[in-house]
Amino acid sequence: MFEGRTYTQNSGYKGWGIRFGDHDGGVATTAYSYSMSKAERYEMARRITAALNLTRFLSIEQLENIAPIGALK
């Protein structure tokens with residue numbers, strides 16, 4: 001479903017959002033991660049964007065096999 005998609009860090013609201021690279025749809029945000037400082041939220045958004053782009057050709061099943069995260073079922 002999401003394989004091959006690209007992602008960008010939103011330059012809009014303080015750089016705390018992650019969007020699809022091929023259209024304006026939102027993917028994730030760190031804006032409400034109040035336990036982190038503003039700088040940490042920005043850096044985490046960078047990390048999420050980089051991780052999504054790095055793994056964009058892997059399926060969710062492949063990702064979970066590489067690094068199980070205990071996804072809810």
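Evaluation of residue 31 against the conditions (1) farther than 19 Å from residue 2 by Cα; (2) part of a helix (DSSP H, G or I); (3) of a type in the set (A, V, I, L, M, F, W, C) shows that the sole unmet condition is (2).
Would a scan of the stretch 40-56 turn up a residue that is assigned to a loop (DSSP other than H, G, I, E, B) and either without any contact (Cβ under 8 Å) to a residue 12 or more places away in the chain or among the hydroxyl-bearing types (Ser, Thr, Tyr) (or both)?
Yes, there is a match, as at least one residue in the stretch 40-56 is assigned to a loop (DSSP other than H, G, I, E, B) and either without any contact (Cβ under 8 Å) to a residue 12 or more places away in the chain or among the hydroxyl-bearing types (Ser, Thr, Tyr) (or both).
Residues in the stretch 39-73 that are over 16 Å from the mean Cα position of the chain (by Cα), farther than 19 Å from residue 29 by Cβ and at pLDDT 85 or above: 61, 62, 65, 66. Yes or no: residue 34 in contact (Cβ under 8 Å) with a residue 12 or more places away in the chain and of a type in the set (Ser, Thr, Tyr)? So residue 34 fails the test. Mind checking which residues of the stretch 6-31 are of a type in the set (Ser, Thr, Tyr), touching a Phe, Trp or Tyr at 6+ places or on another chain (Cβ under 7 Å) and without any contact (Cβ under 8 Å) to a residue 24 or more places away in the chain? The answer is 29, 30. Per the conditions (1) within 15 Å of residue 14 (Cα to Cα); (2) surrounded by 12 or more Cβ atoms within 10 Å (Cβ to Cβ); (3) of a type outside the set (A, V, I, L, M), the sole criterion not satisfied by residue 37 is (2).
Filter the stretch 40-68 down to the residues that are of a type in the set (Ser, Thr, Tyr) and surrounded by 13 or more Cβ atoms within 10 Å (Cβ to Cβ), then identify the one that is nearest to residue 5 (Cα to Cα). By that ranking, first place goes to 55.
The values are calculated or read from the model by the stated rules, or taken from the named source; none is laboratory data. Not measured: the values here are computed from a predicted model. Methodologically, a virtual Cβ is constructed for each residue, glycine included, from the backbone with ideal geometry; neighbour enumeration extends over all protein chains shown.
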